[in-house]
Amino acid sequence: MPSVQLERLRPQINAITSQYENSDLFINSLIALLKSYAGEIDQSSSQISPYSIIPRMNIPQVVINQLEISLKHLAQIFPDQTKIIAKNLWGLDYFETKKIAIFLISNLPKQENNYYFNKIEEWVDADIEQPIIMGIFENTNKITDISRDPQWLRLIETWLGSNIERIQKIGLVALTNHIRLDSNKNLPAIFRLVEPLLSHPHIAINNDLLNLVGSLIIASQPETAAFLIHLSAIYPKPELSSFIRKCLPLFDPYFSSEIKRKLTIL
């Protein structure tokens, strides 16, 4: 992998960003820059995730960081051009180009939030690579205009309501991250989102549900305990009772014993 010298890298980035208004020229120059700093391209899925066969260029992080510094303000200044560039970068079969595409649309002006959510809904499917999903969450979490937009929860609700377990898992991870980061939690609204999945817990998503319950407990033990007791009362099913018992160690002794007592009564 070539060494990175900032005094050389910064002029290179300045040269390609000056071509931003010509999308084809910019993308060709960007790919040439990335390849000039690439390590051995990894075509195997073993180094990425069990869901992925997308190759990595293995670009040094400092190169990505410097690119993002320069591209952030361009996304704000040239939103229409940014949409074209992001769409074309997403279509390239490299981990890094997809990450840059996500970064670009997440830094569009606030009034373009609709576009952001529409593209993320379009791009996230059952075959999407796990590192790309984490890149989406990372960018969303950093930008409060996106993470606090009601459309984010509506998109998560769409994922949770999917018939595809892989998409459900994506929704659960997104919601878990949202609960942990959102200081203005509306737990009743979140309870309504997850009730359909918790009322019929499936073994394939049990770990994701447990992580979600853990984040809800951190937000409010009393409300989460009451919610689980409520679920057990209106959905008296063995699989739900079994799942709730798996959650008991996540609570402090008082709430754990209260939930256990209620389950016994029911």
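Table for the structure above
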read-out: Residue within segment 83-95 that is surrounded by fewer than 19 Cβ atoms within 10 Å (Cβ to Cβ) and in contact with a Ser or Thr (Cβ under 7 Å, 6 or more places away or on another chain) present; value: yes
read-out: Residue within segment 225-243 that is basic (K, R) and under 17 Å from the mean Cα position of the chain (by Cα) present; value: no
read-out: Members of segment 56-82 found to be surrounded by fewer than 21 Cβ atoms within 10 Å (Cβ to Cβ) and of a type in the set (V, I, T), listed by number; value: V62, I64, I69, I77
read-out: All positions within segment 100-119 that are assigned to a helix (DSSP H, G or I) and aliphatic (A, V, I, L, M); value: I100, A101, I102, L104, I105
read-out: Matching residues in segment 110-139 - criterion: being hydrophobic (A, V, I, L, M, F, W, C) and without any contact (Cβ under 8 Å) to a residue 12 or more places away in the chain; value: M134
read-out: Extreme residue, nearest to I146 (Cα to Cα), among residues of segment 78-95 that are part of a helix (DSSP H, G or I), at pLDDT 95 or above and out of contact with any helix residue (DSSP H, G or I) (no Cβ under 6 Å at 6 or more places or on another chain); value: K83
read-out: Exclusive hit being touching a residue at least 24 places away in the same chain (Cβ under 8 Å) and farther than 22 Å from E223 by Cα, set T158, T176; value: T158
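Yes/no matrix, rows are residues, columns are (1) among the hydroxyl-bearing types (S, T, Y); (2) loosely packed, with under 12 Cβ neighbours inside 10 Å; (3) assigned to a helix (DSSP H, G or I):
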{"position": "V4", "(1), (2), (3)": "no, no, no"}
{"position": "L9", "(1), (2), (3)": "no, no, yes"}
{"position": "Q12", "(1), (2), (3)": "no, no, yes"}
{"position": "A15", "(1), (2), (3)": "no, yes, yes"}
{"position": "F26", "(1), (2), (3)": "no, no, yes"}
{"position": "A32", "(1), (2), (3)": "no, yes, yes"}
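The values are calculated or read from the model by the stated rules, or taken from the named source; none is laboratory data. From a predicted model like this one, the values you see are computed outputs, not experimental measurements. When we count neighbours, we look across all protein chains shown, and the Cβ atoms used for this are built from the backbone with ideal geometry, even at glycine.
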